1. Take the residues in segment 499-549 that are aromatic (F, W, Y) and not in a helix (DSSP H, G or I); name whichever of them is farthest from A56 (Cα to Cα).
2. If you check V236 against the conditions, is it of a type in the set (A, V, I, L, M, F, W, C), more than 25 Å from S156 (Cα to Cα), free of Cβ contacts under 8 Å to residues at least 12 places away in the same chain and out of contact with any helix residue (DSSP H, G or I) (no Cβ under 7 Å at 6 or more places or on another chain)?
3. Among (1) in contact with a Pro (Cβ under 9 Å, 6 or more places away or on another chain); (2) modelled with pLDDT under 95, there is one condition G621 misses while meeting the rest; what is its number?
4. Give segment 578-590 a look and list any residue that's out of contact with any His (no Cβ under 7 Å at 6 or more places or on another chain), surrounded by 24 or more Cβ atoms within 10 Å (Cβ to Cβ) and not in a loop (DSSP other than H, G, I, E, B), or say none.
5. Return the only residue of Q599, Q569 being in contact (Cβ under 8 Å) with a residue 12 or more places away in the chain and in a strand (DSSP E or B).
6. Can you tell me which residue is nearest to V611 (Cα to Cα) among those in segment 39-68 that are crowded, with 17+ Cβ neighbours inside 10 Å and small (G, A, S)?
7. Does P470 count as buried (at least 16 other Cβ atoms within 10 Å of the Cβ), more than 27 Å from the chain's Cα centre (by Cα) and part of a loop (DSSP other than H, G, I, E, B)?
8. Any chance segment 51-63 includes a residue that's modelled with pLDDT of 95 or more, closer than 30 Å to A325 by Cβ and assigned to a loop (DSSP other than H, G, I, E, B)?
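The values are calculated or read from the model by the stated rules, or taken from the named source; none is laboratory data. As the structure is a computational prediction, the values presented were derived from the model and not from experiment. Counting neighbours? That spans all protein chains shown, and the Cβs are built from the backbone with ideal geometry, glycine included.
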Amino acid sequence: MLRLNTCLVAATALLSSVEAGPKQPRFGQIVSRALTNSSGVSLSILTETGVKNATAPNLYGWMFEDINHSGDGGLYGELLANRAFEGSDVTFGNVPGFAGNSIVWQENECNPSGPVISGYKPLGNATLRLDNYRALSHSHPTVLALDIPTTAKNSSTPIGFANMGWWGIPVSPQTYNVSFFIYPNQFRNQDNPKTEITVSLQSNLTGEIWASTVIPAQAWNVVNYTHVTAQIVSKVSAPNTNNTLAITFDPKAAAGQTYYFDQISLFGETFKGYKNGLRKDLAEHIYDMKPKFLRWPGGNNLEGYSFQTRWKWWETIGPLQERWARPGNWQYYNTNGLGLLEFLEWSESMEMENVLGIFSGYSLLDGNGRDSAEYPLTEEAMYPVLKEALDELEFCMGSTDTYWGAKRAEYGHPEPFKIQYIEIGNEDWFSKAYPFRFKYLYDGLKAAYPDIILISSAYDENDDYTIDLPAGSMWDTHHYEEPIFFIENFDFFDNWQERTKNPNVTIMIGEYSVYQVDTPDGKVNWTNPPELHVRYPRMVSALAEGVYMLGAERNPHVVKLSSYAPSFQNWNWFNWTPNFIAFDADPAHTVLSTSYWMQRLFNAYRGTESVEVKNTEGNFGDLYWASSMEKGKVFLKIININGTSVPLEVDVESDWTSVNGTSMSHPDPNGFNFKNNATAIMPRTLNLTNTSPLGDGSWRWNVPGYSITVLQFNL
């Protein structure tokens, strides 16, 4: 098992409380609200005479960055931890007497983020150590040395090593792909240079072998590493994920020998069969939501702690053994196995538009956004940053006649990808110099790619400036807030373009979630005190976020894109909550949150035109609503944030024949899905007793308390 750090210890403590059921701090303002005397709401959906606007076709998307081991150890399909001994964990915190953040714990005691042997254990009486004298490649200088003592000749027990996986390895009936690089110690192995290797999936508890394969005996290359590939076909399901991948030798044949290994890899079946692809079960949950865009690669993880550790796209392409890993921004090393090409293939496989974040000359410096580093304010200093982005776009979209387009073809994808959106940086409102950097990069990118929509990562968040947003550009706004913030800002997007004098600028809500309970001052406490912080999305989270998104749906000419963040959380190691989806090595433990289900529900019923709705009785607050339509269907989305049901009367101008609906609700607004009750809150088909129009053409129904509902009127 990987070594626990302080983050993981805290995470484990939180997990134990989550598994026991809802014991989080409880919300105040919304929970106490109940419209016991509401006379109801009457709505007229003006499908014939009302104002209509084209809906935003890409409104609901997916934001991804490698946080909470959501990439390595999560969505990225690699099942082995520390496969190439590239780096390790650190923990940042405050050190008395020093400003900003500093490293307060490091897994490698001598070298922060340096290589470690975590995740491996010897089998038999073998010895494992790290070796820097027999590098696999320039980017992979550290390898694993396996020493087999001469006394092994007296044993009959297979000898070698095992990898523990990312807190376990799931074993089920499927074909697993194994690969590794191996190099013999020529001097020690000269007496018996031909040895076979057994690769097996086995229980870490009992040693029982679930499936295995044998690499035939051969004389290993003594000049270069040999790349070994094999398949393990499992016909059984292990009872749990406490399993390992074992690589073993016959002790009598290999006694006294030493071998060097690197890039030790195990993949199960991937989403749509992509090589080096995504973990199938987690990717399918994304695909089921049908997101319309993918925002990547971050997030803070784009920026790096420093200029030198930023996400360098060119180091994430090509053969895995030639890619450079990097210290990620979330306290663990990134393998870059999920690299530029894999992101592009991910969006391609799910038919999503790309929202590509580019490095903008700003890094977080020791993880503290207010203690940051910026490129100097000169065109000469910024030109390499622009060139870096232009080269990246050439790789993505360039013809095979270009240098980087030819590289893309060499790596298996000759057809150019499509990039519709580019975001310049991430959360640059912390930056003092973003106005200069934004304009320089905007002008340079627009000159080269005039049809791409460019997104500013700041607007008016910094008290010292407001970004001049060019016509046709977008603003990415982020909100981690209390529930009441999202409800009170239901109308924020109404007349936003006119109010801010940005008539041709649109908005992306690039990151948002309910982060803490309502408080008297409405300020988020980033120290996350347990009495305030939300560790898991609840019913009230979905209600508040849903109200906010109804406000976006009512303004499709303003809000074009939105995505919840963060998207994934590994149960075993996380440093941010709440999250969209929680998981571990066992697919049966995956939990889809209330926030996930709300967005999946809303995205499934978007319509092609927004429709004006007139309220003849009742107001927003009693209920919140928005309507859209497409051929033969009218959709009405209704949210009741109150604890009691609210009578609803609906009149549709067009003739309709029947109504059906889907709703998610829970009697406790603090209820949430968790491991032992993963489907407590999710959309369910309404069992309506009355599905036809009344004599006057209207329809009546009591909207349940604490509910999110989509009604479909069939024309």
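1. If we filter segment 499-549 for residues that are aromatic (F, W, Y), which is where we start, we get 512, 515, 526, 536, 548.
With not in a helix (DSSP H, G or I) added as a condition, the list becomes 512, 515, 526, 536.
Details: Y512: 18, Y515: 26, W526: 33, Y536: 29 Å.
Going through the qualifying residues, I end up with W526.
2. Numbers: of a type in the set (A, V, I, L, M, F, W, C): yes; more than 25 Å from S156 (Cα to Cα): yes; free of Cβ contacts under 8 Å to residues at least 12 places away in the same chain: no; out of contact with any helix residue (DSSP H, G or I) (no Cβ under 7 Å at 6 or more places or on another chain): yes.
It is false that V236 is of a type in the set (A, V, I, L, M, F, W, C), more than 25 Å from S156 (Cα to Cα), free of Cβ contacts under 8 Å to residues at least 12 places away in the same chain and out of contact with any helix residue (DSSP H, G or I) (no Cβ under 7 Å at 6 or more places or on another chain).
3. Failed condition: (1).
4. Across segment 578-590, the qualifying residue is only A582.
5. Numbers: Q599 fails: in a strand (DSSP E or B).
One residue alone meets the criteria, Q569.
6. Among those residues, the one meeting the criterion is S44.
7. Working: buried (at least 16 other Cβ atoms within 10 Å of the Cβ): yes; more than 27 Å from the chain's Cα centre (by Cα): yes; part of a loop (DSSP other than H, G, I, E, B): yes.
Taking the combined requirement at face value, the residue satisfies it.
8. Here is the first cut: in segment 51-63, the ones modelled with pLDDT of 95 or more are 51-63.
With the extra rule that they be closer than 30 Å to A325 by Cβ, the set shrinks to 61-63.
Those still in the list that are assigned to a loop (DSSP other than H, G, I, E, B) too: 61.
Yes, segment 51-63 has at least one match.
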